[in-house]
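Visitor: Okay, handing you the structure first.
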Amino acid sequence: MRRNQPETLKYTALDDNLYRYLTACRSKDGDAVLEALRRETRKKFPEDAPMQIPRDQAAFMTMLVAATGARTAIEVGTFTGLSAICIARGLPAKGKLLCLDLSEEWTAVAQRYWAKAGVAEKIELCLGAAIDSLKQLANKRTFDFAFIDAHKPEYDEYYELILPRMKVNGLILFDNMLAGGRLGGKMPHTNPNAQAIDKLNHKLARDQRVQSVLLPIGDGVNMCRVLSGK
């Protein structure tokens, strides 16, 4: 009698060469603006530059927004504006993206590149603490797409404030949901960001208001389809 064989885990581990191949084999539309923004961000904010989303994630988000037909979007955590360009490019001509961020310095760079990318008219910038800004939004304001990439311990609160404003079948994307590779081991998490992200990943998997999948894109993207905002 044959014993059951253990399941083979099907995934491909990336090294630098394979990742460069992956990012090279994609459409290049609009890359000149994004690459210029990446260079300026590295020069002006070298310690913070890794916060920008990687190239494969940038292309994925633009296609996702366009393919779902999203017309209204919100971003929590804008930095120098690269992810906002990617979202805005996926929106229709009269689509609108609301960006929330604390930093005037970072978003001043963002606004220049939004103009260069031809998406400035689609974007509204709101400066201030994201939780306060979310609480002050007009009651009637709703969204088809949300991208959350700000202070990790506040992710769950952003989620609970945004979810009631999401349309059914809308998408919420959370960035950095693998916490730099800290998750999945047997040792308890001591990093506060990793602790918050781990807790939220498990919450989303159980939350009957959404359908979620954790994807190995960049530092991990948790993508949630909204079933009910209540």
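The values are calculated or read from the model by the stated rules, or taken from the named source; none is laboratory data. What you see is a predicted model; the values in this text were computed from it and never measured. Ideal geometry is used to build each Cβ from the backbone, glycine not excepted, and the neighbour counts take in all protein chains shown. Ligands, DNA and RNA are stripped out before the accessible areas are found, and what is left, the full protein with its side chains, is counted by its heavy atoms. Shrake-Rupley method; radii C 1.70, N 1.55, O 1.52, S 1.80 Å.
Visitor: Defining a contact as two alpha carbons under 8 Å apart and six or more residues distant in sequence, what relative contact order in percent does the chain show?
Guide: 15
Visitor: Helix-only estimate, please: 222 nm mean residue ellipticity of the chain, summing -39500 (n - 2.57) across DSSP H runs of length 4 or more and dividing by its residues, to the nearest 500.
Guide: Taking each H run of at least 4 residues, the total per residue is -12000 deg cm²/dmol.
Visitor: Where Rh denotes the Kirkwood radius from the mean inverse Cα pair distance, what is Rg over Rh for the range 173-230?
Guide: When Rh is taken as the Kirkwood radius, the ratio is 0.99.
Visitor: Throw me the Rg/Rh for the range 1-93, computed over C-alpha atoms with Kirkwood Rh, two decimals.
Guide: 1.14
Visitor: Roughly how many percent of the accessible protein surface of the range 73-170 is carbon and sulfur, given a 1.4 Å probe and a whole-percent answer?
Guide: 50
Visitor: OK, next. Whole angstrom only: what separates the Cα centroid of the range 164-180 from the Cα centroid of the range 48-90?
Guide: Their Cα centres are 12 Å away from one another.
Visitor: By accessible area of protein heavy atoms, probe 1.4 Å, what ranking do 189, 151 get, highest first?
Guide: 151, 189
Visitor: Of all the Cα-Cα pairs you can form in the range 120-178, what percent are over 19 Å apart?
Guide: That tail contains 31 percent of the Cα-Cα pairs.
Visitor: On average, how much accessible surface per residue is there in the chain, in Å², for a 1.4 Å probe, leaving out ligands, DNA and RNA?
Guide: For the chain, the solvent-accessible area averages 58 Å² per residue.
Visitor: So how do 172-181, 34-43 stack up, highest first, on mean other-Cβ count within 10 Å?
Guide: Working: 172-181: 21.1, 34-43: 15.8.
Going from most to least packed, we get 172-181, 34-43.
Visitor: On to the next question. Hey, which of these cross-link pairs are over 20 Å Cα-Cα: 43/152; 10/152; 140/230; 116/167; 44/96; 96/116?
Guide: Checking Cα-Cα distances, 43/152; 10/152; 116/167; 44/96 exceed 20 Å.
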